[in-house]
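What follows is a short report on a single structure.
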Amino acid sequence: MRRIFLSLCAAMALLPALGAAALAEPKHAVAMQGEPALPEDFSNFPYVNPDAPKGGSVTYCVVGSFDNLNPFIIKSLRTTARGMIDTIYGNLVFESLMQRSMDEPFSLYGLLAESIDMPEDRKSVEFHLNPKAKWSDGEPVTADDVIFTYEVYTEKGRPPYSDRMKKIAKLEKTGDLSVRFIFNELADREFPLIIAMTPIVPKHFFNKETFDQTTLKPVIGSGPYRVGQVAPGQRIVFERNPDYWAKDLPVKRGIDNFDRVTLEYFLNANAMFEAFKKGICSTFAEADPVKRERNFNFPAMTEGKVVSEDFESGLPPVVNGFLFNTRLPKFSDVRVRRALGMLYDFEWANKNLFDGQYKRTASFWQDSELSALGRPASEAERALLAPFPGKVPADVMDGTYRPRVTDGSGRDRKVLKEAFDLLESAGYHVDGGKLVGPDGEPFSFEILTTSQTEERLAALYQRSLEKLGIDVNIRALESDQIQMRKQNFDFDVLFGSTGFLGTLSPGIELTFRWGSESANVPGSFNLAGVADPAVDAMIEAMLHARDKDSYVAAVRALDRLLISGAYMVPMQHNKKEFLAYWANLEHPAKTPIFGNQFPTWWQKPN
């Protein structure tokens, strides 16, 4: 008995060394905050038709070009073929360990991994792979593939994949079908979920030495489709894998219903719309209400062969606008950026261009509990912002801030005067009808656009700026040209978005969009070049928040900083997504909080 007692004591003494990961209970799902909504025995996601028929084909059309099939490398980062991993059309070729539910803010359910072990402190995580998981060539998915994925991403991949190992103290194979990640002090509470969402690549297919080179050779993944045909820059065709291993899993039931998915590329939106009218493109999204009124009366539409519908998401709107490259001296002064932000005449644009159907965008998490609009800063927010005095103006702090409202005439002198006074405080003056900076040079810049709609809005902005003697040049570029400019931060002002879809669960992606460490990394999404210790601190506080109140406080504080920093001129939004599509297609009745989901659509049986 004494020997048994001593053995038990020795085993108990080892428990701290083993860590909480060894004691965690395997689960089918995980959520960032709280618990996942669906039980272990759920049959399918609530926003799918589990009985959707399989078969048929669909053609999605995009503007741009492509010259690469590997989405994980820096070369051709922004000209990689759509659909390989895709937030809109689905991850057709590559899959991750777990699958996100599009009807919850941030919950993941088993895919390549059938279960997850994660202790309360989230200092480690262990994934148990589904023994049925296979690559499209029939080879099994193993722990070695997961380990290879992290090795090759670290050595040859692009951000953010290449940065994952910085937060991992140890990655170990705990079985042929299980791997454990032990995190270091740099990891946050979201990081295990980021690991779970990282696409896995096959060790037996990719060569580590050449992984960072572009390729048009059809690559192998574990997803529902194989690369069928490739016409570089024009078309890529995905064909259903009849032996897809996960077709009967709950996370895949009612999803990936077409036998053939084609991505067709066009030089511009006008050419794409003409192709849609001819039936080449299966769907077409149009954000401009005036164009919807004017252009959607072609024969197929009036005959009922094409139908239209509005889909509304429960997410904050994507923030679109004129984004400043703050790496340039001309945009380094926040007073200058705030003044320029006053000069976008939303009231005129909404009345004359959008038939009054838009709302002004003023927050990065508008229409959600994460937004700072209309809310005075809480004590928790004030405590977070206290080390950075003066960063947030009083009106942003007390929740009364709103973008300047004009009289809609296109020449509101009151707003122009307010903007000029702010520029004057930054050392600018008018000389010979031109606004001259502290360096004695006339203030001028270039706006890059990629469509007629963008050009029209840029021209409106240009007219307002010229009233203060600011010279603005508008340059229209093809999609691949502007992507290269973005990758090298070679621009003054971009017409664009924040780079990420609106979300109710912002997380680590914000370090790549707003964090200092990504400000000068080629190819990063921190296009504005934001490098602010206060922003970094709010992102850190958000990532390490252990309860919802702390999380919300950190995001609202970050919202106040981004509004105050005036890194872009937010324009307008309409949360309804107008979509026209050919009537042989059908979709589920329920729209999840993430909005329309193309992977859940199907073709009506003949």
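We did not get these values from a lab; they are worked out from the coordinates using the rules stated. Please read all numbers here as calculations on a predicted model, not as lab measurements. Positions of Cβ are backbone-derived with ideal geometry, glycine not excepted, and every protein chain shown enters the neighbour counts.
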Between [x] 0.98; [y] 1.03; [z] 1.25, which entry matches Rg/Rh (Cα atoms, Kirkwood Rh) as derived from the coordinates of this structure?
[x]
222 nm [θ] for the chain, helices only, -39500 (n - 2.57) per DSSP H run of 4+, per residue, to 500?
-7500 deg cm²/dmol
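Relative contact order for the chain using alpha-carbon pairs under 8 Å, separation at least 6, rounded to a whole percent?
Once divided by the residue count of the chain, the mean separation gives 20 percent.
Please compute the length gained on full extension between SER43 and SER308, using 0.36 nm multiplied by the number of residues separating them and subtracting their Cα-Cα distance.
92.3 nm
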Hey, for a label at GLU25 modelled as a point 7 Å past Cα toward Cβ, could you say which residues of region 109-126 have their backbone N under 20 Å away?
109-110, 114-126
Output the relative contact order of region 26-144, whole-number percent, from Cα pairs under 8 angstrom with separation of 6+ residues.
23 percent
For ALA383, project a label point 7 Å along Cα to C-beta. Then give me every residue of region 186-229 with its amide nitrogen under 12 Å of that point.
none
Could you compute the FRET efficiency for LYS417 and LYS359, with r as their C-beta to C-beta distance and R0 at 35 Å, rounded to 0.05?
0.85
Could you go through region 560-565 in sequence order and give the Karplus-derived ³J(HN,Hα) for each residue, using 6.51 cos²θ - 1.76 cosθ + 1.60 with θ = phi - 60°, rounded to whole Hz, and x for Gly and Pro?
4, 5, 5, 4, 5, x
Within region 320-573: Cβ-based charge dipole about Cα centre, in debye rounded to nearest 20 (Lys, Arg +1; Asp, Glu -1):
400 debye
Give the residue from SER282, PHE420, ALA246 lying farthest towards the positive end of the charge dipole for the chain; charges sit on Cβ (+1 for Lys and Arg, -1 for Asp and Glu) and the dipole is referred to the Cα centre.
SER282
Extending each Cα 7 Å along its Cβ direction at ALA271 and LEU477, get the distance between those two points in nm, one decimal.
1.8 nm
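Please rank TRP602, TRP348, fewest neighbouring Cβ atoms within 10 Å first, as an exposure proxy.
TRP348, TRP602
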Take every DSSP beta bridge whose two residues both sit in region 320-573, then give the antiparallel share in percent to the nearest 5.
65 percent
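For the pair ILE593 and ASP407, what calculated FRET efficiency results from E = 1/(1 + (r/R0)^6), where r is the Cβ-Cβ distance and R0 = 45 Å, to the nearest 0.05?
Values: r = 37 Å, r/R0 = 0.82.
Computed FRET efficiency for ASP407 and ILE593 comes out at 0.75.
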So what's the gap between the Cα centers of region 192-213 and region 294-319, to the nearest angstrom?
38 Å
Per-residue Cβ neighbour rank within 10 angstrom, fewest leading, MET397, MET197
MET197, MET397
Antiparallel bridge percentage (DSSP; both residues within the chain; nearest 5)
80 percent
Residue exposure sequence - ILE470, ILE563 - by fewest surrounding Cβ within 10 Å:
ILE470, ILE563
Calculate the dipole size of the chain relative to its Cα centre from +1 charges on Lys and Arg beta carbons and -1 charges on Asp and Glu beta carbons; express the result in debye to the nearest 20.
320 debye
Report, by chain and number, residues whose modeled amide H sits under 5 Å from the one on ASN91, excluding near sequence neighbours (fewer than 5 apart, same chain).
ASP86
Projected label distance in nm at LYS278 and GLU155, using a 7 Å step from Cα toward the beta-carbon
4.7 nm
Work out the charge dipole of region 320-573 with +1 on the Cβ of Lys and Arg and -1 on the Cβ of Asp and Glu about the Cα centre, then indicate which of THR400, ALA362, GLY469 is farthest towards its positive end.
THR400
Can you grab the distance from the C-alpha centre of region 74-103 to the C-alpha centre of region 327-377, Å, no decimals?
30 Å
Taking the simple approach of a point 7 Å from Cα along Cα-to-Cβ for both ALA287 and LYS170, what is their distance in nm?
4.8 nm
Using 29 Å as the Cα-Cα cut-off, could you pick out the over-long pairs in LYS134/LYS173; LYS166/LYS548; LYS291/LYS391; LYS54/LYS486; LYS252/LYS278; LYS27/LYS203?
LYS291/LYS391; LYS54/LYS486; LYS252/LYS278
Region 304-371 - charge dipole about Cα centre, Lys and Arg +1 at Cβ, Asp and Glu -1, debye rounded to 20
540 debye
Please name whichever of GLY515, PRO442, PHE491 sits farthest to the positive end of the charge dipole of region 320-573, dipole taken about the Cα centre and charges placed at Cβ: Lys and Arg +1, Asp and Glu -1.
PRO442
